[in-house]
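The values are calculated or read from the model by the stated rules, or taken from the named source; none is laboratory data. This one's a predicted model, so the numbers in the text were calculated from it and none came from an experiment. Note that we place each Cβ from the backbone using ideal geometry, even for glycine, and neighbour counts take in every protein chain shown. The protein model used for the area step is the full one, side chains on, heavy atoms only, and it has no ligands, DNA or RNA in it. Shrake-Rupley method; radii C 1.70, N 1.55, O 1.52, S 1.80 Å.
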Amino acid sequence: MSVVEKGRKVGLSISGYFRKLARSPAWTYLKRDERAWIGFALVILVVGTAIFADFIAPYGINDRLIEEAPFARPPGGAFILGTDSQGRDVFSRVIQGTRIALEIGLLLVALEAVIGVPLGLMAGYYGGKVDELVMRAVDVALSFPGLVLAAAFIGFFGSGLNNLIIALSLTGWAAFARITRAQALTIKEQPYVESARAIGEKDRTIISKYILPNGISPLIVIATMTLPAAILLASALNFMGLGVQEPTPAWGAMLTGARSEVLDGIWWTALFPGVAIIITVLGFNFLGDALRDALDPRLREYKYV
Amino acid sequence: MGKAEGQVLVKAENLKRYFRVEAGLFSRGKARWVHAVDGVNLHIRKKEIFGLVGESGCGKTTVGKLFLGLERPTSGSVYFDGVDISKLSREELRKLRREMGIVYQHPQSSLNPRMLIEETLRRPIEIHKLAKNEQEKKRMILDVLDEVGIERYLLERYPHELSGGQQQRIAIARILLLNPKFIVLDEPTSALDVLVQAHVLNILSNLHEKFGFSYLFISHDLDVVEHISDRMAVMYVGKIVELARKKDLRRRAMHPYTRSLLAAVPIPDPRKKMKKREILRGEVPSAISPPRGCRFHPRCPHAMDICRKKEPKFKDVGGGHYVACYLFKSSR
Amino acid sequence: MSEPILRIRGLKTYFFMERGTVKAVDGVDLDVGKKQILGLVGETGCGKSVTAHSVLKLVPYGGTIVAGKILFEGRDLLKLSNEEMRKVRGTEISMIFQDPETSLDPVFTLGYQIGEPIELHQVIEQHLISPKEVPKKVLEALQTVGIPDPKARVDSYPHQLSGGMKQRGMIAMMITGTPKLLVADEPTTALDVTIQAQILDLMRKLRQKLGTSIFLITHDLAVVAEMCDRVAVMYAGQLIEETDIIPLFEQPLHPYTQVLINAIPKPGAKRGKLATIPPLIPNLMRLPRGCRFHPRCPKATDKCKRVKPQMIEAERGHLVRCHLYS
Amino acid sequence: MRNALGLDRPPHVRYFEWLGGVFQGDLGRSWITNRPVSATILERLPRTIELCLAGFLFSVAIGLPLGIVAALKRKTKTDYTAMGIALFGVSIPNFWLGIMLIFIFGVWLGWGPATGGYGGPEYLILPALVLGTALSGTTSRLTRSAMLDVLSQDYIRAARAKGLRERTVVYTHALKNAAIPIATLLFMRLPWIFGGAIVIEMVFDWPGMGLAMINAIHTSDFLVIQGIALMFVVLVIIANMLADISYAYLNPRIRYGMRR
């Protein structure tokens, strides 16, 4: 009896999910993948910086620290990454920018998943007219360059953080919808779904207990890989002045004026926000790649013995 | 036919199931139809093991699904215990599910990979509210484990941590919990090695003995079907060509296709090598555009003019032996 | 029996994985005689397929041949360079695979794929024929394997052919060099029984017509009974019994072979009474001490748990690896 | 003034009027410069295409060999290095890379036109290089996985079993099969280049459609935004058609239908 009780508890608890994960081949693979560790370390660094930004940043983002020209001073002394053309500390602004980048990335991915996943599930499981309609929309959204559409949207409705996120989600949801639909379609055909129907499960239970849990892995991968792409896109829009506005220290926005500044030899205002973007994006990309390979059994180990 | 042989449990009447296929990129809109099941009549009695043999794509799996209402027929009816299940609503059918079950070919994919074995076995009890309390649920699960010879510690495993034979026995256990009257076994041993196959076949036979289920045993393996069945039928391109008691089917095989099939099956006895037997030429035609007349005529060594024009009727030639071929006359 | 065409001695092929070493083939000795059909049977994962691939030195990614000799007409294939070995493949030794659906390249026509080895081996390397004769040779190969209307089929892509035709096409592609040895890895497992009968028949005819020896790997004892002259039974990376076809079915010596033969459903076998043994799949990373089969063996003794049995000749030409006969 | 521009009428009416004009080749006039939008587009489209094409070619020239080598040397240092480079390529913001290259080559080394602009090949090299970098990362990752997929197929094993040279196995059989997904996905990702071009044009002052669009956004020149967005839609449709055609051309299953 005790075995059953134990099994029951494990089956339902969260620790059960991790036990399952720890026993799965994907996890053993992931643990041995250096990319996973590099990615994990970088992501921890970035997230930690975002959380403790107020403690790390020595100055406020808008403090004008240099009284006389030239306001842009090279790295050294009190300002380890130098100051910008308005005499503000580059280091503090880069640190505070981490929060904005993550905020945009996470909000965007969450919004895209909230739109895309249910649509994909419905299209895949029920098929028919719903499917056709959703897939037509997905095709259009996927083939359109997100940046162009976002720029046009902002051109008509104005800039700002909210519009930036809405503008980018106009195309971004489609990736989630397509993957979810593909998952639902494949899983629906699996004998275990049909045998669930054969023992009398309801549609609702089949979707929640059979299809979604089995299709979650690629969604995690997609989310992990969408996040860095979203951060890059957002920074490009910020750079073009179409996203968040001064004096908010978004990394992309900090580079807007940098192009003319490098012509005067002021390279530090351009270099460091870019490095921050690269670290963040690289971290999530490493993690995403490792996850994808771990969760895609085709690439794992050897084909047969 | 002899009523003494037991009452009819499941019956198919002129059962048809067509599937739509899109023709391809450059000929959109011209949908074609796969005639997967094209007019099948058969019945299965209570406590009977009925075997259905045929080559891949002949429609035998679809017959199994139609019998359980997992597929809806294009036309014709399936009666289960006198009720026409093709007329039931989704919800009525769902409730009827506890009377029947299905076991699939690939055991690993017929168990939810994200469910512990324990929960997999718990689901049927919960769906149909078969137990009064937690205590009873546990007892039911442990009882059914004993039936299929699975050890208790496997309950807290996931399907991928079990061997193929163990997975298949769990799939059987899940059905036993419902205590159904009728079970469709769709190639249940085809993916297993011969020793594991023997094990699973033994378990199925013993359970049948003990609980008196009716089985529809579907397989491409004539020897396996013959081993386990009471009566058996041979399918070819959506139609049943011959149906008989198992002893009669081998000894008194009539339809030329049945005979070729029997000749083609390798025999595990080196003194009976097939060298001298005739080998059937050609391949199974597409179910999208099956041949006119008798579907076997392009490959049949005895094909006559009439075979090319008109489809032969499925007729009783005596002793519950049915055949669809012009070479034989009805007993009536 | 005359000098065998293929002699395998002490072959070991291991897969080095991060979780441990899989001894897929662990000391196999085997002879294939001239014009003989030798069967290698065993359950999934016993190493029979890896043995077949080792003969052509085409072990899947991750595997290595660590020891042994593979003597083909006296030459040790394991000592050949990659380039020398390549020239052996497709001319002297060929291989046919299990799944015809995936073994033909989908983007080339059947004729091109059959012509490829002819052009490379017979025109470029051996200067046997002129390039103009290649199409004729392709047609000949198609005729040999009995593809109907070969002229039309030359320009077909694989997706335009049925399963049986694909398998014939693959065989045609592999016999263009009239190989002396054909390694067939489960050649009919993916086929329907009427097609299987056709392909088995074709293989027998090829042996007669071209004098090819066949090394047939299968899990199906009935196919073995139909095809083979001699049979080896493999269990957990080792051979456990080797004998001529009739004695194998009529006086199997090893307990494993005995169960294997009695587990096949045969006309007359009583329902529910097939022979079985505990369905434990041997783990090739952690093999039991003593005899590898002892945990499942109905006749196991204490000795079996401790001492590794050797292959011995129990009767003339009948080898077995079991303490019962020592 | 409001009357002349038609701003007194409701937006949807104006939109349908504009749409009606589109079919006659009339995209309206910019309210800033009073130039016909179609004239602006015709002037700037070739420049954007020139930039995109150069970037695309660069990305294929770098990405394809990198991906093939990585797949052939799977799980070796070469593979890890190649894929590390590729991952770096997709992780660098292209506008930042542009700025850095301007600083290094234009300002620091003084090798080229630091201010950007449009002119001879010396103006094209840097923007094309930057535009191609991210895409070459994607291309090589794509090529690698497509090649790995193909190399594990049974027909590759069969090709080896008939004694073909490794060269032939890889460059005839594997590459021709891998070309199907690679070409399709590359063409499908062509629109991404157009997206990238907007930013790059701004960094390098390249007077293409992207720069015109950004200027229009900053000046709320709606008809110009609308016209250019429409032009991008057309480019996207063309890219998708190219993807379909290449797929059908490379894949005999489509070329010869599914008849059996």
Item to check | Other protein chain Cβ atoms within 10 Å, averaged over every residue that makes up C:16-28 | outcome: 1
Checklist entry - Bin by bin, in steps of 5 Å, what percent of the Cα pairs in the range C:233-311 do you find, going until the bin that has the longest distance? => result 3, 13, 22, 24, 19, 11, 6, 2
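On the protein heavy atoms, probe 1.4 angstrom, tell me the percent of accessible surface of the range D:45-224 carried by carbon and sulfur.
After summing per-atom areas, the C and S share lands at 69 percent.
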Item to check | Top of A:E246, A:E189, A:E103 by mean-square fluctuation, Gaussian network on chain A, Cα under 10 Å | outcome: A:E189
Checklist entry - What lysines could a cross-link reach from C:K23, if we take a straight Cα to Cα line under 23 Å and drop same-chain neighbours fewer than 8 places away? => result A:K303, C:K12, C:K48, C:K57, C:K69, C:K79, C:K305, C:K308, D:K75
Next on the checklist: If I take every Cα pair under 8 Å that is 6 or more residues apart in chain C, average their sequence separation and divide by the length, what percent do I get for the relative contact order?
Outcome noted: 21 percent
Checklist entry - Rounded to the nearest 20 Debye, what is the dipole magnitude of the protein assembly as shown about its Cα centre when Lys and Arg each give +1 and Asp and Glu each give -1 at the C-beta? => result 5120 debye
Next on the checklist: Per q in 0.06, 0.07, 0.08, 0.14 Å⁻¹, report the Debye log10 I(q)/I(0) for chain C, using one uniform scatterer on each alpha carbon and no solvent.
Outcome noted: -0.23, -0.31, -0.40, -1.14
Checklist entry - At a probe size of 1.4 Å, how large is the accessible area of B:D269, to the nearest 10 Å²? => result 50 Å²
Item to check | Å² of accessible area per residue within the protein assembly as shown, as computed with a 1.4 Å probe and no ligands counted | outcome: 43 Å²
Next on the checklist: With a cut-off of 8 Å between alpha carbons and a minimum separation of six or more residues, what is the relative contact order of the range A:149-297 in percent?
Outcome noted: 24 percent
Checklist entry - Roughly what % antiparallel, to the nearest 5, for the DSSP beta bridges in the protein assembly as shown? => result 60 percent
Item to check | Only Lys, Arg (+1) and Asp, Glu (-1) charged, at Cβ; chain A dipole about Cα centre in debye | outcome: 1500 debye
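Ranked from the most accessible area to the least, with a 1.4 Å probe and all protein chains present, what is the order of C:K166, C:K69?
Ranking C:K166, C:K69 by accessible area, largest first, yields C:K69, C:K166.
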Item to check | Under 16 Å from C:K132, Cα to Cα: aspartates and glutamates that are on another chain or at least 8 residues apart | outcome: C:E116, C:E119, C:E140
Next on the checklist: Can you sort D:H173, B:H297, B:H302 by solvent-accessible area, 1.4 Å probe, largest first?
Outcome noted: B:H302, B:H297, D:H173
Checklist entry - Ignoring ligands and nucleic acids, what accessible area does B:E13 show with a 1.4 Å probe (Å², nearest 10)? => result 70 Å²
Item to check | Surface/4 estimate of mean projected area, convex hull on alpha-carbon atoms of the range B:8-236, nm² | outcome: 14.0 nm²
Checklist entry - Of the residues D:P127, D:P93, D:P191, which exhibits the maximal mean-square fluctuation in a Gaussian network model of chain D defined by a 10 Å Cα contact cut-off? => result D:P93
Checklist entry - Once you charge only the Cβ atoms, +1 for Lys and Arg and -1 for Asp and Glu, what is the size of the charge dipole of the range D:45-224 about its Cα centre, to the nearest 20 debye? => result 1220 debye
Next on the checklist: Exceeding 18 Å between C-alpha atoms, which entries from my cross-link table qualify? They are B:K16/B:K60; B:K95/B:K181; B:K65/B:K137.
Outcome noted: B:K65/B:K137
Next on the checklist: Could you work out the relative contact order of the range B:8-236? I mean the mean sequence separation of Cα pairs under 8 Å and 6+ apart, divided by the number of residues, in percent.
Outcome noted: 29 percent
Next on the checklist: Which of rounded, prolate or oblate describes the protein assembly as shown when judged by the alpha-carbon gyration tensor and an a/c cut-off of 1.5?
Outcome noted: prolate
Next on the checklist: Positive end of the dipole of the protein assembly as shown, charges at C-beta (+1 Lys, Arg; -1 Asp, Glu), about the Cα centre: which of C:G272, A:V193, D:V60 has its Cα farthest in that direction?
Outcome noted: C:G272
Item to check | Residue-level accessible surface for C:T189, protein heavy atoms, 1.4 Å, Å² | outcome: 60 Å²
Next on the checklist: Can you sort A:I61, A:I277, C:I264 by solvent-accessible area, 1.4 Å probe, largest first?
Outcome noted: A:I61, C:I264, A:I277
Checklist entry - Counting partner chain Cβ atoms within 10 Å of every residue's Cβ in A:263-269, what's the average? => result 3
Checklist outcome for this item: Among trypsin sites (Lys or Arg not before Pro) in the range C:1-49, those in a DSSP loop whose Cβ has at most 13 other Cβ atoms within 10 Å are C:R19
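For peptide D:165-176, compute the average count of partner chain beta-carbon atoms within 10 Å of each residue's beta-carbon.
Counting Cβ atoms of other protein chains within 10 Å of each residue's Cβ and averaging gives 2.
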Checklist outcome for this item: Projecting the Cα atoms of A:L282, A:I207, A:M122 onto the charge dipole of chain A, where Lys and Arg contribute +1 and Asp and Glu -1 at Cβ, the residue farthest towards the positive end is A:I207
Next on the checklist: Viscosity 1.567 mPa s, temperature 4 °C: give me the Stokes-Einstein translational D for chain D in µm²/s, with Rh taken as the Kirkwood radius over C-alpha pairs.
Outcome noted: 62 µm²/s
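Assign one of three labels to the range D:105-237, namely rounded, prolate or oblate, based on the Cα gyration tensor with a ≥ b ≥ c the square roots of its eigenvalues; rounded applies when a/c is under 1.5, prolate when it is not and a/b is larger than b/c, and oblate otherwise.
Working: a/c = 4.42, a/b = 2.02, b/c = 2.19.
Cα axes put the range D:105-237 in the oblate bin.
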Checklist entry - Gaussian network model of chain C, Cα springs within a sub-10 Å range: biggest mean-square fluctuation belongs to which of C:I70, C:I281, C:I240? => result C:I281
Checklist entry - How long is the gain from A:N162 to A:K31 if the chain were fully straight, where each residue apart is worth 0.36 nm and the alpha carbon distance is subtracted? => result 43.4 nm
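What accessible area, summed over both chains, is buried at the D-C interface (1.4 Å probe, Å², nearest 100)? Before the final figure, lay out the partial values.
Working: alone 15370 and 16230 Å², together 28920 Å².
By this definition, chains D and C bury close to 2700 Å².
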